[in-house]
1. Roughly speaking, what is the stretch gain from Ala10 to Tyr244, that is 0.36 nm per residue apart minus the C-alpha to C-alpha distance, in nm to one decimal?
2. Within straight cross-link reach of Lys86, meaning Cα distance under 21 Å, which lysines are found once same-chain residues fewer than 8 apart are removed?
3. Under a Cβ-only charge scheme (Lys and Arg +1, Asp and Glu -1), can you give me the dipole magnitude of the chain about the Cα centre, in debye to the nearest 20?
4. Can you run the Rg to Rh ratio on the stretch 152-248? Use alpha carbon positions and the Kirkwood inverse-distance Rh.
5. What distance in nm separates the simple spin-label points at Glu210 and Ile21, each placed 7 Å from Cα in the Cβ direction?
6. Give, as a single signed number, the net charge of other residues whose beta carbon lies under 12 Å from the beta carbon of Glu170, with Lys and Arg counted +1 and Asp and Glu -1.
7. Tell me the net charge near Glu186. Cut-off is 12 Å between Cβ atoms, Glu186 excluded, with +1 for each Lys or Arg and -1 for each Asp or Glu.
8. Run the simple label-point estimate for Glu77 and Ala177 please: 7 Å along Cα→C-beta, distance reported in nm.
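Read-outs: derived from the displayed coordinates by stated rules, not from any lab. Please read all numbers here as calculations on a predicted model, not as lab measurements. Using ideal geometry, Cβ is built from the backbone for each residue, glycine included, and neighbour counts are taken over all protein chains shown.
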Amino acid sequence: VNPVGGDTVASGDRFFFNISIIGSQHRSMPIERSRARAGDRLVLFGECGGSLLGMDLLKHLGGIESMDRLPDSVRAELPRWDDLSKLLPLLAVDTDGPGIEHLSGGRGETTAALLALAKRHLVPGAAPVDEELLRVDPPILTAMIDVSDGLARDVRNLCRASGAGAVIREELLPVPASFPVFLGGERERWTEYILSSGEEYVMLAACSEEPPSGTIIGEIVPASEGLILIGRDGKRRTLPDAGYEHTF
C-alpha cells in the first residue's frame, strides 16, 4: 500500500482511532508550502518549546531517562512523581489556566507550571490561525506549514518546498512563560527547546506584508543566502538542524 498521510503507527496493546476529514475551501488556491518568496515575513502563530520541555520533565520525574537538555540545578525543585502522576489523568484539552491552578491545589508555582507543560505535551490544543487573516483578499499568506517536527526543521521544510532561504532572529522568538521557572536564565537552552520541539500544533507562515496577528520571527531570503539564525548577540550562524527526523 502507499500511505497517503496521517499517523502510521504500531501498538502492541492499544487501539488508535484516526479520523480523516475531507472538505472544500472558499479560496481559489490553497496555502501551500511552496509559494514563499524573498521579502516575505516569517510569522509564528503561537509558541514553541513547551511540548518538548514537558516531555523531558515527565520522563525525568518518571525515571525513564536523564535528559541532558535539563539543567541539574532545576531538577531538585520538581515535585515528586508519585504526587504529580495522580494529577496527570485529570488534564484535558480544555483545561485552562484556572483549571491548572485548581489541579495544583496550592502546591506552588513550579507544580502549576509543570502541569501546564504536561498538558501541552499530553493533551495539546491547537492554536488556529485567525480566520479573518485567511479571508484577506488579496491573500497575504503565501506559504504555511504546521510545526510538527520542530520549528527549525519545519522552517527548513517550508524553504525547501519554496526554493528559498530564511533568516530567523533569536530575539524575536516567543518564549513560553514557564521557561525561566525550569531553565532559569539560560537563554541558549530556551532557544534549543524552541527550535527543537515538535507536535506543537501551531502554524508557521510566510506573509507578504505585516499580519494583524502572530509573531514575526524573521524573513524569507533568496536560497543562495541559506538558513541563518541571528543570535541575541547579533552574530549570524547556520540555523541548527534541530527537530525530529522521520526515517523509513
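1. 82.4 nm
2. Lys59, Lys119
3. Values: 25 positive and 37 negative charges, 74 e Å.
For the chain, the charge dipole is close to 360 debye.
4. Using Cα coordinates only, the ratio equals 0.96.
5. 3.3
6. Value of the local net charge: +2.
7. Net charge in that neighbourhood comes out at 0.
8. Placing both labels 7 Å along Cα→Cβ, they lie 1.6 nm apart.
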